[in-house]
Every structure is written in C-alpha cells, then in structure tokens.
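Reviewing the structure listed below.
The values are calculated or read from the model by the stated rules, or taken from the named source; none is laboratory data. Not measured: the values here are computed from a predicted model. All Cβ positions, even for glycine, are placed from backbone atoms using ideal geometry, and neighbour counts span all protein chains on display. The accessibility values were calculated without ligands, DNA or RNA, using every heavy atom of the protein model including side chains. Shrake-Rupley method; radii C 1.70, N 1.55, O 1.52, S 1.80 Å.
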Amino acid sequence: MASKTTFWDFLKNNLIEIPIIQRDYAQGRLGKENLRKSFLADLKKALDDNTKMKLDFVYGSIENNKLNPLDGQQRLTTLWLLHWYVALRAGVLNEENCRILRKFTYETRMSSREFCQSLCVPKNFEHFNCVNIVGFITNQTWFYSAWKQDPTIQS
C-alpha cells in the first residue's frame, strides 16, 4: 500500500535497514557532483519555499516496523545524512534525536553500520568547529582508519 510521509516521521516509528543486496551509497562519490548538487538544490528550494517535494517512491517490505528497501536506498541515505547534518549544525544533535537517527542502519557491511552509529553519539561532536566536517570526523579518535576503505563511508 502506497502512503506519503516525512522521512523523520517514518524513522520515529520504524527501523530502516539497508539490505546487503544494495549497492554502496553512491551520491557522495567523485563524478556524482552534479547529481548531488542538483538533488540538494531541489531539497533546499522545497525547504525555503515550505513546499512538499516528491522523491519518487521508496519500495520495499516492512516487517515488524523494519523497512528493507529494494528501491530508494540512495534517497533514504541522503535524507538520513541531511537530517543528521542539520541536527549537528543546528546544535540539536542530542540523545533524543540520535535515538531516532540510530534507527537507520546498514546490513551491507559492519563498518558502514558502525560509522552511522558513531555519527549518532552526541559527545563525538561536542567540539565540532563547523569548518570541515570530513576533516573533523576523520581526525577523531573514534574514527577507525580502516573505515576509509569502505566505499559507503568514503562517499
């Protein structure tokens, strides 16, 4: 059954687990800058204009309040990253919001799952300087250098 909802409202009530059969997150890759910039510009315009934005459908199965998407993994990951980043920049990356953000996970590989979980630890960002998010994250003691080899984390 098709229904419309916001990403945040869906995540409050459900777990989203990117299944092992999905490809790595690609929208952050080199060579995808135009796709990413266009998508982010469309999202910003919808927010600025306070309008709804249709992101096409996300298709998958929901069992026991857990979504396993078959289509839409890239859009879901981008929305998750945007919610996380906005919370960080707005100073509301707190335990309550992180509890909700932790409901997004990857089955694809343990490193992707652990990285996403580490992003949802408020104390990991107590000293965030708002300058270079990639440099900040990769210089933290909780960031494992082996994670640099994970294509999803690289992206």
Taking the stretch 14-59 and keeping residues open to solvent by less than 100 Å² (accessible area, probe 1.4 Å), outside any loop (DSSP other than H, G, I, E, B) and modelled with pLDDT under 85 leaves 33, 35, 36, 38, 39, 40, 43
Picked from the stretch 60-102 (must be part of a helix (DSSP H, G or I) and β-branched (Val, Ile, Thr)), the residue nearest to residue 41 (Cα to Cα) is 78
The condition from (1) modelled with pLDDT of 90 or more; (2) out of contact with any Pro (no Cβ under 8 Å at 6 or more places or on another chain); (3) closer than 23 Å to residue 136 by Cβ that residue 65 misses is numbered (3)
Just one listed residue, out of 96, 107, is free of Cβ contacts under 8 Å to residues at least 24 places away in the same chain and of a type in the set (Asp, Glu), and it is 96
